[in-house]
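S.K.: Before I ask anything, let me first share the structure, which is written out below as structure tokens.
None of the figures in this text is laboratory data; all of them are computed from the coordinates on show. Fair warning: this is a prediction, and the values are worked out from it, not measured in the lab. Here the Cβ positions follow ideal geometry from the backbone for every residue, glycine too, while neighbour counts run over all protein chains shown.
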Amino acid sequence: MLAMVKGDGYGHGMIETAFACHDAGCRLFGVAELVEGIKLRKTGIGGEIFVMVGFAAEQIDYFFSHDLTPVVFDKDLVKKLSERAVKKGAELTVHLKVDCGMSRLGVEPEEVKEFAALIEELPGLKLGGVLSHFAAADDVSSPITEQMFTVFQKVCEGVEDSLTCHIANSGGIINFPKTHGKMARAGISLYGYPPSGEKEQAVVGEGELIPAMTFSSRVVMVKTVGKGAGISYGHTFITTRETRLAVLPVGYEDGYPRSLSNCGVVLLHGKRAPILGRVCMNLTMVDVTDIEDVKIGDEAVLMGKQGEEIITADDIAALTGTISYEILCMLGNNNERVFVE
Ligand SMILES: *Cc1c(COP(=O)(O)O)cnc(C)c1O
């Protein structure tokens, strides 16, 4: 199992996530960019670190100095990696990316054999594996995964058996067990979310996925406004009764989507408090008329559990037209993080 810790661990902290996974026995890590791989290796973590989204010729030295595994899909860069390896008297393992239908990174399936042979011929390089990426494995009923996997299997049959072929993301891991192969790359599921956003999918094997991240704030002001009061910028909400408001020091600057204006909800005293009016850059007003004794300093949970109630990244994503991945990155990467075991 490879732990995908790109995007600063999907907002959860790349280093903390990687160490938690390392403690659990994981020795394979995936990042998107080289700079993330360098940062992770500098922590002294063991195991193999894959750099997924490519690199520039000027950056090649870092793969050697920080013992990183490049994912490759360009012949010129592969030749440059080999030249470097020879100069340093080193050997570098690379994995070859193939595009099985995502139309994103990777060489064409027909090119794999020749490309793999080139890597094997080039001094100083070792081909460790071949990988691809699913376009729609979050959808259990989509035929796309089957089609892509058929292409990938054919590619894998054409290369040495000793190579590690890997394609499964969280969708593959949860929905298509036959795609696991020797290695699978878990991202969103590591953080406690199903890739599809569907609750039924949150139950995997024997266990249930438990969302790892909570996003909370504290009430900075409570006030009562009369009937007919316009709330926040543009007065997009007008009260229809005397209304008690709690003001939260959270806004879109903190990654809390402005599109939650007049439709989002937060938890206070274990109850649901709807957002009234627009979410501002740094402030949001919620209705606490029906929640007793809300005071300055009370904890408001904007994502997570409080009492019996829960707001998930999928709930927020559904209201804002996106996916949990984006909500987790936005909230996690724009706020102070506190880690609890
Ligand atoms: C992000 C990523 C994954 C993990 O995807 P999830 O849907 O989050 O599980 C796997 N492989 C590659 C190449 C990725 O970029």
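S.K.: What FRET efficiency comes out for the pair THR164/ALA24, r = Cβ-Cβ distance, R0 = 30 Å, nearest 0.05?
M.R.: Values: r = 20 Å, r/R0 = 0.68.
With a Förster radius of 30 Å, E is 0.90.
S.K.: Whole-Hz Karplus ³J(HN,Hα) for the stretch 130-144, in order, using 6.51 cos²θ - 1.76 cosθ + 1.60 and θ = phi - 60°, x for Gly and Pro?
M.R.: 10, 9, 9, 9, 6, 8, 8, 6, 5, 9, 5, 9, 7, x, 4
S.K.: Can I ask one more? When a footprinting reagent is the concern and you count Cβ atoms within 10 Å, what order do GLU326, GLU108 take, fewest first?
M.R.: On the way: GLU326 19, GLU108 12.
Neighbour counts put them in this order, fewest first: GLU108, GLU326.
S.K.: Follow-up. Roughly speaking, what is the centre-to-centre gap between the stretch 4-71 and the stretch 224-240 when only Cα atoms are used, to the nearest Å?
M.R.: Measuring centre to centre over Cα atoms gives 49 Å.
S.K.: For the chain, what does the relative contact order come out to in percent, with C-alpha contacts under 8 Å and a separation of six or more?
M.R.: Details: 708 pairs, mean separation 42.8, N = 341.
Computed over the chain, the figure is 13 percent.
S.K.: Nothing charged except the Cβ atoms of Lys and Arg (+1) and of Asp and Glu (-1): what's the magnitude of the dipole of the chain about its Cα centre? Round to the nearest 20 debye. Write down the numbers at each step before the final one.
M.R.: Numbers: 32 positive and 46 negative charges, 152 e Å.
It comes to approximately 740 debye.
S.K.: Starting from the stretch 85-122, pick out the trypsin sites (Lys or Arg not before Pro) whose DSSP state is loop and whose Cβ has at most 12 other Cβ atoms within 10 Å. Present the calculation step by step, with values, prior to reporting the outcome.
M.R.: Working: sites: LYS87, LYS88, LYS97, ARG104, LYS113; in loops: ARG104.
Passing sites in the stretch 85-122 are ARG104.
S.K.: Still on this structure: What are the residues whose amide H is under 5 Å from the amide H of VAL107, where those residues sit 5 or more places off or on another chain and H is modelled from the backbone?
M.R.: For VAL107, whose amide H was placed from the backbone, the distant partners under 5 Å are LYS97, VAL98, ASP99.
S.K.: Is there a pair in LYS87/LYS126; LYS97/LYS154; LYS75/LYS182; LYS199/LYS305; LYS223/LYS271 whose C-alpha atoms are over 23 Å apart, and which pairs would that be?
M.R.: On the way: LYS87/LYS126 16 Å; LYS97/LYS154 14 Å; LYS75/LYS182 26 Å; LYS199/LYS305 15 Å; LYS223/LYS271 18 Å.
From the list (LYS87/LYS126; LYS97/LYS154; LYS75/LYS182; LYS199/LYS305; LYS223/LYS271), the Cα-Cα distance tops 23 Å for LYS75/LYS182.
S.K.: Residue farthest toward the positive end of the dipole of the stretch 55-136, with Cβ of Lys/Arg at +1 and Asp/Glu at -1: which of LEU68, LEU118, HIS133?
M.R.: The one lying farthest along the dipole's positive direction is LEU68.
S.K.: Now a separate question. Which one of ALA20, TYR10, GLY44 is farthest out on the positive end of the charge dipole of the stretch 1-57, using unit charges on Cβ (Lys, Arg +1; Asp, Glu -1) and the Cα centre as origin?
M.R.: Of ALA20, TYR10, GLY44, it is GLY44.
S.K.: To check you understand DSSP bridge types, tell me what percent of the beta bridges within the chain (both residues inside) are antiparallel, rounded to 5.
M.R.: Values: 27 of 51 bridges.
Of those bridges, close to 55 percent are antiparallel.
S.K.: OK, next. Let me check against my output: what whole-number percent is the relative contact order of the stretch 229-335, with C-alpha pairs under 8 Å and at least 6 apart?
M.R.: Numbers: 209 pairs, mean separation 29.4, N = 107.
Contact order relative to length: 27 percent.
S.K.: Looking at VAL220, GLY277, LEU105, which one has the Cα that reaches farthest to the positive end of the dipole of the chain (charges on Cβ: Lys, Arg +1; Asp, Glu -1)?
M.R.: Ranked along the dipole, the leading option is VAL220.
S.K.: Now, a different point. Run the dipole for the stretch 80-239 about the Cα centre, Lys and Arg Cβ at +1, Asp and Glu Cβ at -1, nothing else charged, and hand back the magnitude in debye, nearest 20.
M.R.: Numbers: 16 positive and 19 negative charges, 221 e Å.
It works out to roughly 1060 debye.
S.K.: Return a whole-number percent for the relative contact order of the stretch 126-214, with Cα pairs under 8 Å and 6 or more residues apart as the contact set.
M.R.: Details: 123 pairs, mean separation 22.6, N = 89.
About 25 percent, as a whole number.
S.K.: What size of dipole, in debye to the nearest 20, comes out for the stretch 215-308 about its Cα centre when the only charges are +1 on Lys and Arg C-beta atoms and -1 on Asp and Glu C-beta atoms? Walk me through the numbers before you get to the answer.
M.R.: Working: 11 positive and 10 negative charges, 44 e Å.
That gives a dipole near 220 debye.
S.K.: Is the shape of the stretch 8-160 rounded, prolate or oblate, going by the alpha carbon gyration tensor and its root eigenvalues a ≥ b ≥ c, with a/c under 1.5 for rounded and a/b larger than b/c for prolate?
M.R.: On the way: a/c = 2.04, a/b = 1.09, b/c = 1.88.
The shape class here is oblate.
S.K.: Which of the trypsin sites (Lys or Arg not before Pro) found in the stretch 119-203 are in a DSSP loop and have at most 10 neighbouring Cβ atoms, other than their own, within 10 Å?
M.R.: In loop regions of the stretch 119-203 (DSSP not H, G, I, E or B), the sparsely surrounded trypsin sites (Lys or Arg not before Pro) are LYS182.
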